[in-house]
Amino acid sequence: MNIIMLGAPGTGKGTIAGILSGELGIPQISTGDIFRKNIKEGTELGKLADSYISKGQLVPDDVTIKIVEDRLNQPDAKNGVILDGFPRTVVQADKLKEILANKGEKVDITINLVTPEEELIERIVNRRVCSNQECKAVYNLVLHPPKVEGKCDKCGSELITRKDDNVETVKSRLEQYFTATSPLVEYYEKEGVLYTETVSQSINKLGEVVAKEILEHLKEI
Ligand code: AMP
């Protein structure tokens with residue numbers, strides 16, 4: 001099953017994708033994580049990606065598509081994937097359709113996460129992530145704090161703030177979402193594969209609760 005996680009930054013795509021990946025036994029492919037790994041390792045791709053990510057801009061389509069295409073050809077992707085943060089533009093969505101069609105596959109479901117805008121910035125600036133690339137657990141200082149300050153509950157590694165999780169960059173990332181990415185809601189609705197979930201503390205519906213609902217829904221399709 002090929003699943004897309006769609007939603008503005010801060011909606012919880014990564015957290016929910018992680019839970020779904022564990023439950024369904026298919027890999028979570030996060031383009032953001034792939035870029036961050038390359039930035040950390042100082043590769044050419046990392047340098048290029050950083051010049052966009054640090055400004056809150058999207059990495060160019062051709063670069064991003066190539067990474068996903070290569071990743072989809074890895075053996076562990078043969079039973080389906082959870083794409084977390086891809087596609088983010090209509091060009092990427094069209095190309096993904098073509099790549100999957102060439103393998104006799106399709107997007108089976110696009111999970112569209114919706115969070116009230118006023119919650120998004122707060123969630124992003126309070127986000128802390130595990131520095132251990134193998135763990136990558138995500139915390140929120142207010143909604144889901146770690147048991148020991150600054151340390152990951154799961155592996156004990158140091159928690160860090162993502163470089164692009166600051167108020168200035170977030171505004172630009174949200175703008176990019178509303179201009180370049182949000183047309184994908186209609187795109188996948190027309191394809192008949194859109195499933196929308198609200199993620200909001202105001203209705204007590206955060207990551208784990210939403211992931212459970214999604215898993216229930218997946219049993220029906
Ligand atoms: P994320 O971890 O998904 O929030 O991604 C972090 C940053 O990586 C984004 O703000 C973009 O700059 C870049 N990025 C991630 N995925 C994509 C994509 N599909 N297309 C273009 N840029 C991306």
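Things to note:
- Considered as a group, the residues in segment 132-153 that are among the hydrophobic types (A, V, I, L, M, F, W, C), within 16 Å of the ligand (Cβ to nearest atom) and part of a loop (DSSP other than H, G, I, E, B) include one that is nearest to L120 (Cα to Cα), and that residue is A137.
- Qualifying position, being away from the ligand (no atom under 11 Å from the Cβ), closer than 24 Å to T161 by Cβ and at pLDDT 95 or above, among G42, G22: G42
- Under the condition of being part of a helix (DSSP H, G or I) and not acidic (D, E), the residues counted in segment 1-50 number 25.
- Residues of segment 31-82 that turn out to be over 16 Å from the mean Cα position of the chain (by Cα), among the charged types (D, E, K, R) and closer than 17 Å to V107 by Cβ, as a count: 2
- For E117: the one exception among (1) of a type in the set (D, E, K, R); (2) under 20 Å from Q176 (Cβ atoms); (3) within 14 Å of the ligand (Cβ to nearest atom): (3)
- Residue within segment 51-71 that is surrounded by fewer than 16 Cβ atoms within 10 Å (Cβ to Cβ) and more than 16 Å from the ligand (Cβ to nearest atom) present: no
- Answer residue from segment 172-209, given it is closer than 11 Å to L113 by Cα and hydrophobic (A, V, I, L, M, F, W, C) and is surrounded by the most Cβ atoms within 10 Å (Cβ to Cβ) among those: V199
- Any hit, segment 154-161, residues being closer than 16 Å to T11 by Cβ and either within 16 Å of the ligand (Cβ to nearest atom) or of a type in the set (V, I, T) (or both): no
- Subset of segment 26-38 (residues that are surrounded by fewer than 19 Cβ atoms within 10 Å (Cβ to Cβ) and either near the ligand (Cβ under 10 Å from one of its atoms) or of a type in the set (S, T, Y) (or both)): D33
- Matching residues, segment 154-171, being touching a Cys at 6+ places or on another chain (Cβ under 8 Å) and either within 12 Å of I124 (Cβ to Cβ) or assigned to a loop (DSSP other than H, G, I, E, B) (or both): K154, C155, S157
- Taken over segment 170-206, residues that are touching a strand residue (DSSP E or B) at 6+ places or on another chain (Cβ under 6 Å) and hydroxyl-bearing (S, T, Y) amount to 4.
- Test set (1) more than 20 Å from L194 (Cβ to Cβ); (2) surrounded by 19 or more Cβ atoms within 10 Å (Cβ to Cβ); (3) in contact with a strand residue (DSSP E or B) (Cβ under 9 Å, 6 or more places away or on another chain) - G150 fails condition number: (2)
- With respect to being within 16 Å of the ligand (Cβ to nearest atom) and out of contact with any strand residue (DSSP E or B) (no Cβ under 6 Å at 6 or more places or on another chain), A93 fits the description.
- Residues located in segment 172-191, provided they are assigned to a loop (DSSP other than H, G, I, E, B) and within 16 Å of the ligand (Cβ to nearest atom): S182
The values are calculated or read from the model by the stated rules, or taken from the named source; none is laboratory data. Note that this is a predicted model, so its numbers are computed, not measured. Reconstructed Cβ throughout: ideal geometry from the backbone, glycine too, with neighbour counts over all protein chains shown.
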